[in-house]
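Colleague: Questions regarding the structure given below will be posed in turn.
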Ligand code: FDA
């Protein structure tokens, strides 16, 4: 990110919410479940599936965790009733992991049951490294009962290829991404090329092990490497999918769909859109610059 981009990104929290919203709205479906469903419908018409995320990571009480669970239950029912091609992505901290592991596990179990009744799937997003092991452990306990559940691995973590090998033992469904949190160098690669190389290495481990992989990246080099790998391994289009965030590189999305590859778009919605939008904006200097220009024009 350029110095200017970095400066703008760090100033974003001080900017008016309305202004952030005007630039950030491309990354979020809206505040309501209906807005998310409409967005999924549009994506389906463009040949993409979706995975829907209810925004709201920082919960403090088990009542809030219950409310998140209930929102996901409504979402799963609505996706089914409208005949849409979309699953859901959950965050364990939004389902009470910090308050009670038992309660959180109960919510995930319940969502898996609801999803199974509707032939649907639950993806557990991976959060920061303080809960990597707890997340994989919870997944491991539930996978014996529920096949329609899968974790996310982050290529920046040094442990990840070992985790991939374990998941490949039972051909798990895994999303692979670079990782979005700021982690200590002792446990995570910082160098961009090292992260890219580890992404490819882990992807190979997963695909050779027979895992269904959600290849979640907008990095053109990684898209190239992934395409080369699926060709070398002679995989069929139903053995993997690409995944991208709503609002990011729609041109690449279309190229992959037109090339006959499965595509799934991550669709976040909810009242907590502001924190999510700030995270997205901080990652992209180009967009941060648009915010700066809009601010200067006011
Ligand atoms: P890179 O960061 O190099 O991006 C390549 C290009 O894409 C950039 O140059 C930029 O133009 C564009 N771009 C990328 N991200 C952008 C953004 N947010 N806004 C605007 N433009 C952007 N992480 C995590 O820790 N846990 C998780 O569970 C998930 N889940 C997840 C699901 C899906 C579907 C995706 C695509 C990503 C995630 N991530 C995630 C985030 C992931 O770890 C990573 O931070 C981002 O995808 C950015 O990395 P890229 O591989 O896209 O490369």
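Colleague: What are the equivalent ellipsoid semi-axes of the stretch 1-148, built from the alpha-carbon gyration tensor (square roots of five times its eigenvalues), in whole angstrom, biggest first?
Modeller: Sorted largest first and rounded, they come to 28, 22, 14 Å.
Colleague: Using a 10 Å cut-off on Cβ atoms, rank the peptides 182-188, 93-99 from the highest mean neighbour count down. Can you show the working numbers first?
Modeller: Values: 182-188: 12.1, 93-99: 22.4.
Peptide ranking by packing, descending: 93-99, 182-188.
Colleague: Suppose the chain between residue 258 and residue 162 were pulled fully straight at 0.36 nm per residue; how much longer would it get relative to their current alpha carbon spacing? If you can, show how the numbers build up before the last one.
Modeller: Values: separation 96, 0.36 × 96 = 34.56 nm, distance 3.42 nm.
So the chain would gain 31.1 nm between residue 258 and residue 162.
Colleague: Hey, how many Å between the Cα centroid of the stretch 98-120 and the Cα centroid of the stretch 73-92?
Modeller: Taking the Cα centre of the stretch 73-92 as reference, the centre of the stretch 98-120 is 13 Å away.
Colleague: While we're on this one: Set the Förster radius R0 to 41 Å, insert the Cβ-Cβ distance between residue 80 and residue 228 as r into 1/(1 + (r/R0)^6), and round the FRET efficiency to 0.05.
Modeller: Details: r = 37 Å, r/R0 = 0.89.
After rounding to 0.05, the efficiency reads 0.65.
Colleague: Compute the FRET efficiency between residue 278 and residue 238 as 1/(1 + (r/R0)^6), taking r as their Cβ-Cβ distance and R0 = 25 Å, and round to the nearest 0.05. Before the final figure, lay out each step's value.
Modeller: Values: r = 37 Å, r/R0 = 1.47.
So, using R0 = 25 Å, E works out to roughly 0.10.
Colleague: Ranked from highest to lowest mean number of other Cβ atoms within 10 Å per residue, what is the order of the peptides 148-158, 195-205?
Modeller: On the way: 148-158: 22.4, 195-205: 20.1.
Ranking the peptides 148-158, 195-205 by packing returns 148-158, 195-205.
Colleague: With both bridge residues required to lie in the chain, what share of the DSSP beta bridges run antiparallel, to the nearest 5%? If you can, show how the numbers build up before the last one.
Modeller: On the way: 1 of 31 bridges.
Of the beta bridges lying entirely in the chain, close to 5 percent run antiparallel.
Colleague: Separation between the residue 19 and residue 192 pseudo-spin-labels, each 7 Å from Cα along Cα→Cβ, expressed in nm?
Modeller: Reported label-point gap for residue 19 and residue 192 is 2.8 nm.
Colleague: Restricting to bridges with both residues inside the stretch 70-198, how much of the DSSP beta-bridge set is antiparallel, in percent to the nearest 5? Spell out each step's value before the answer.
Modeller: Numbers: 1 of 9 bridges.
DSSP beta bridges in the stretch 70-198 are roughly 10 percent antiparallel.
Colleague: Now, a different point. Find how many whole Å separate the alpha carbon centroid of the stretch 21-68 from the alpha carbon centroid of the stretch 135-189.
Modeller: A separation of 23 Å, based on Cα centres.
Colleague: Quick one: compute the contact order of the stretch 222-276, relative version, from alpha carbon pairs under 8 angstrom and 6+ residues apart, as a percent. The partial results should precede the final answer.
Modeller: Numbers: 34 pairs, mean separation 18.9, N = 55.
Averaging sequence separation for qualifying contacts and normalising by length gives 34 percent for the stretch 222-276.
Colleague: When only C-alpha pairs under 8 Å and at least 6 residues apart count, what is the relative contact order of the stretch 161-236, in percent? Write down the numbers at each step before the final one.
Modeller: Details: 68 pairs, mean separation 32.4, N = 76.
RCO, the stretch 161-236: 43 percent.
Colleague: Sticking with this one: Averaging sequence separations of C-alpha pairs under 8 Å and six or more residues apart, then dividing by the length of the chain, give the relative contact order as a whole percent.
Modeller: On the way: 473 pairs, mean separation 84.8, N = 298.
Once normalised by length, the contact order is 28 percent.
Colleague: Now for a separate question. Could you work out [θ]222 nm for the chain from helices alone, using -39500 (n - 2.57) per DSSP H run of at least four and dividing by all its residues? Round to the nearest 500 deg cm²/dmol.
Modeller: Details: 12 runs with 151 residues, N = 298.
After summing the helix terms and dividing by residue count, I get -16000 deg cm²/dmol.
Colleague: Please list the radius of gyration and Dmax for the chain, considering alpha-carbon atoms only, with Å as the unit.
Modeller: Answer for the chain, Rg first and Dmax second: 18.7, 57 Å.
Colleague: For a quick size check, give me the Cα extents of the stretch 191-257 along its three principal axes, largest first, whole Å.
Modeller: So the three principal-axis extents are 32, 32, 16 Å.
Colleague: Could you order the peptides 258-268, 134-144 from most to least packed, using the average number of other C-beta atoms within 10 Å per residue?
Modeller: By packing density, highest mean first, the sequence is 258-268, 134-144.
Read-outs throughout are calculated quantities, based only on the coordinates presented, and are distinct from any laboratory measurement. All of these numbers come straight from a predicted model, not from anything done at the bench. Positions of Cβ are generated from backbone atoms using ideal geometry, with glycine treated the same way; all protein chains shown enter the neighbour counts.
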